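First comes the structure, then the notes that go with it.
Throughout, read-outs are computed from the coordinates displayed, never taken from laboratory work. If you're wondering where the values come from, they're calculated on a predicted model, not measured in any experiment. All Cβ positions, glycine included, derive from the backbone under ideal geometry; neighbour counts span all protein chains shown.
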């Protein structure tokens, strides 16, 4: 997968909105067009809750969408949900491989009863930016284990 596709729409829109807040009227038109292009690139043009505020050029409505994303009261776009799902799957695969490697290590006694690995967390895959892992932590799917390690959140 192309690394350039591993971005969260909610963070891109938030950054563009911050630019919009600081821009004058001449620059604002270009920022609105960039916001619209970003939404289309993410395939969000069919989601009226996301696209209409941008097409209407309504700062208040875009702010409401952003606040809803931050508070967790508004669902993320399909793009963001798919990206978070792929990232979590990649994390679980890395954790599984690391645990299997630890369990099959030659340092264990072959006459033992085959203890399970005690590894709880690993560094997340680098093909996803930190903002993706921060979002998964905020959603409660992962937790910060310290020293750059993430752990699966226990339910």
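Tabulated values for the structure
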read-out	value
Cβ-Cβ FRET estimate between residue 21 and residue 152, R0 fixed at 35 Å, reported to 0.05	0.40
Alpha carbon Rg of the stretch 3-71, scaled by the compact-globule rule 2.2 N^0.38 Å	1.04
Computed label-point distance, nm, for sites residue 100 and residue 116 using a 7 Å Cα→Cβ extension	1.7
Relative contact order %, the chain, counting alpha carbon pairs below 8 Å whose residues are six or more apart	22
Diffusion constant of the chain at 37 °C, which comes from Stokes-Einstein with the Kirkwood Cα-pair radius and 0.692 mPa s, µm²/s	183
Cα centroid separation, the stretch 112-155 to the stretch 39-57 (Å)	33
Estimated FRET transfer efficiency (residue 40, residue 6; beta-carbon r; R0 22 Å; 0.05)	0.75
